[in-house]
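Have a look at the structure below, then the notes.
The values are calculated or read from the model by the stated rules, or taken from the named source; none is laboratory data. In this text, all values refer to a predicted model and were calculated from it rather than measured experimentally. Cβ placement follows ideal geometry from the backbone for every residue including glycine, while neighbour counts extend to all protein chains displayed. We work out accessible area using only protein heavy atoms, side chains counted, and drop any ligands, DNA or RNA first. Shrake-Rupley method; radii C 1.70, N 1.55, O 1.52, S 1.80 Å.
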Amino acid sequence: MAIFHLSVKTVSRSTGRSAVAAAAYRSGDTLTNERDGRQHDYANRTGIDDSFIIAPSGCEWTHDRSTLWNAAEQAEKRSNSVTAREYVLALPAELDAKERAGLARAFASAVVERYGVAADVALHAPSVGGDDRNYHAHILTTTREVEPGGLGKKTRILDAAKTGGPEIESLRELWAMQCNEALERHQQPARIDHRSYERQGVDEMPTIHLGPTSTAVERKHKAEHERKREPYKPQTFKAQENERRRSLNDHVREMVRELAETVRDVAEKAKSAKKRGIQALLRAVGAKRRDQEIEQARQAAEARRREEERIMAKLEQERIAAKEKALKDAESRKVDMVRQVKRLSPDARERFLATEYPADPFERVVKGCDHPLGTAGLNAEEKVVRAELKVHQAQEKRQQVERTQAPSRGRGRGGPSRSRSRDYDNGPDYSGGPGF
């Protein structure tokens, strides 16, 4: 049965990744990153059915994989730059290799046309020991527009908070439409839907995506159990939760099937009873069966509701714990920032603040990604740090004035009196001021 999967990821230097390494791994190629001199050799990698590059007309220079991705690396200067964007697609196993390649090419071409980027497409076969239906494609695109003479401006539409979500939703809908058209064209009954079960109105609990780590653990344990000829049970939490959800969904479907069979039985018996003239008995039997069916459906709905409440309560606890940790981390970071800025010289402070709290909106959003509370937390932290610094600078100024005036006291005949009279004015007391 065909499944829907389309995820969008980024290749960022802040996580220690490079576009050259990502392209070499996905295409099974050998590439050298000219920026750091590292060679990435994946020529012996298996499971790669095909790879090709799609670019706008007149940009033939991009068809050399090494030239394309080294250009992408050289175009970015910051240490946390995003150098590539990756789309991971699940290809329908119902189609053959040529049809799957054509489907991936069609989606990559649509992305190239929409954003003006270059796309490096790699088609992967199912891994050994895994699900033999797991045909998928990795589409690596530049984050800048491609021009005949090189890379141009950044494509910001997928990065902005207001436009990124709708754009990705639009791409998910496009991919579902292309897959369904291909399945229909090749007379395959399977169809996919980019919407969640809730949006589709399907009364089923969705399963959780395992990810590479859980998949590797499950695959290893499954192989061990097969060698020992022992029944296999899921090992990781995600796999166990998926098994439980599948069991609940199967149970609900079985109840629905039994209910439908019961309804058909009742209808057949009603028809037979009508012919025999025992309508009264039929109504009594039918009422009892309906009551039983309603009660069974009610119990199933109640069990499903309790299970959903338990899961939601658990998710809420995890959300609260994550929020508390983020607040604690943000407070610790704020204290460290105040301490750091106070240690700096006056000339170095503004440079430090400009680096930690950039004025450029995009750079601030990127910087906010590293803050426990995001961009809003970064903005609040900046206000506190600047307020503390302002108080600290005022104290420094007073101390400088006091040091300047101190030697003149008591010198010469006209100097101030050394009397310790009760009327002597010691000036304001700043010992309890904030930030001191």
| task | Only residues that are out of contact with any Phe, Trp or Tyr (no Cβ under 8 Å at 6 or more places or on another chain) and either open to solvent by less than 40 Å² (accessible area, probe 1.4 Å) or assigned to a loop (DSSP other than H, G, I, E, B) (or both): list them for the range 5-17, please. | result | HIS5, VAL11, SER12, ARG13, GLY16, ARG17
| note | Checked LYS153, LYS98 against criteria (of a type outside the set (Gly, Ala, Ser) and within 20 Å of PRO56 (Cα to Cα)); the one match is LYS153
| said: Residue pairs, Cβ under 9 Å, 6 or more apart or interchain, first in the range 314-326 and farther than 17 Å from ALA376 by Cβ, second part of a helix (DSSP H, G or I) and of a type in the set (S, T, N, Q). List them. | reply: none
| Quick one: how many residues across the range 137-188 are closer than 18 Å to VAL365 by Cα and not basic (Lys, Arg)? | 10
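For residues that are of a type in the set (Gly, Ala, Ser) and over 53 Å from the mean Cα position of the chain (by Cα), scanning just the range 251-309, find the one that is modelled with the lowest pLDDT.
Filtering the range 251-309 down to residues of a type in the set (Gly, Ala, Ser) leaves 260, 267, 270, 272-273, 277, 280, 284, 286-287, 297, 300-301, 303.
Restricting the remaining residues to those that are over 53 Å from the mean Cα position of the chain (by Cα) gives 270, 272-273, 277, 280, 284.
Details: ALA270: 71, SER272: 72, ALA273: 64, GLY277: 69, ALA280: 75, ALA284: 78.
The extreme case among them is ALA273.
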| Test: residue in the range 340-357 that is surrounded by 10 or more Cβ atoms within 10 Å (Cβ to Cβ) and not in a helix (DSSP H, G or I) | yes
| request: Scan ASP329, ASP360, ASP370 and give me the residue that is under 26 Å from SER79 (Cβ atoms) and without any contact (Cβ under 8 Å) to a residue 24 or more places away in the chain. | output: ASP360
| Hey, among the residues in the range 225-250 that are surrounded by 13 or more Cβ atoms within 10 Å (Cβ to Cβ) and more than 23 Å from ALA303 (Cβ to Cβ), which one's modelled with the highest pLDDT? | THR236
| query | Looking at GLU402, is it surrounded by 12 or more Cβ atoms within 10 Å (Cβ to Cβ) and modelled with pLDDT under 90? | reply | no
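Taking the range 135-191 as the search range and keeping residues that are in a loop (DSSP other than H, G, I, E, B) and open to solvent by less than 40 Å² (accessible area, probe 1.4 Å), which one is nearest to THR67 (Cα to Cα)?
Pass one, the range 135-191, residues in a loop (DSSP other than H, G, I, E, B): 135, 142-143, 148-149, 155-160, 186-191.
With the extra rule that they be open to solvent by less than 40 Å² (accessible area, probe 1.4 Å), the set shrinks to 142-143, 155, 158, 190.
Values: THR142: 12, THR143: 15, THR155: 20, LEU158: 24, ALA190: 40 Å.
Within the range 135-191, the match that is nearest to THR67 (Cα to Cα) is THR142.
Taking into account only those residues within the range 302-334 that are among the aliphatic types (A, V, I, L, M) and surrounded by 12 or more Cβ atoms within 10 Å (Cβ to Cβ), which is farthest from LYS238 (Cα to Cα)? Steps first, answer last, please.
Quick first cut of the range 302-334, residues among the aliphatic types (A, V, I, L, M) only: 303, 311-313, 315, 320-322, 326-327, 330.
The next check asks that each one be surrounded by 12 or more Cβ atoms within 10 Å (Cβ to Cβ); those that pass are 303, 311, 326-327, 330.
Numbers: ALA303: 21, ILE311: 13, ALA326: 24, LEU327: 27, ALA330: 30 Å.
Among them, the one singled out is ALA330.
Just to be sure before I move on: is ARG319 assigned to a helix (DSSP H, G or I) and under 27 Å from SER14 (Cβ atoms) in the structure I sent? It would help to see each step written out before you state the result.
Working: assigned to a helix (DSSP H, G or I): yes; under 27 Å from SER14 (Cβ atoms): yes.
Here the answer is yes, as ARG319 does meet what is asked.
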| request: Return the pairs, sorted by first residue and then second, in which the second residue is of a type in the set (Phe, Trp, Tyr), the first residue lies in the range 86-114 and is over 22 Å from ALA21 (Cα atoms), the beta carbons are less than 6 Å apart, and the residues are 6+ apart or on different chains. | output: LEU91/TYR135; ALA93/TYR135; ARG100/TYR135; PHE107/TRP175
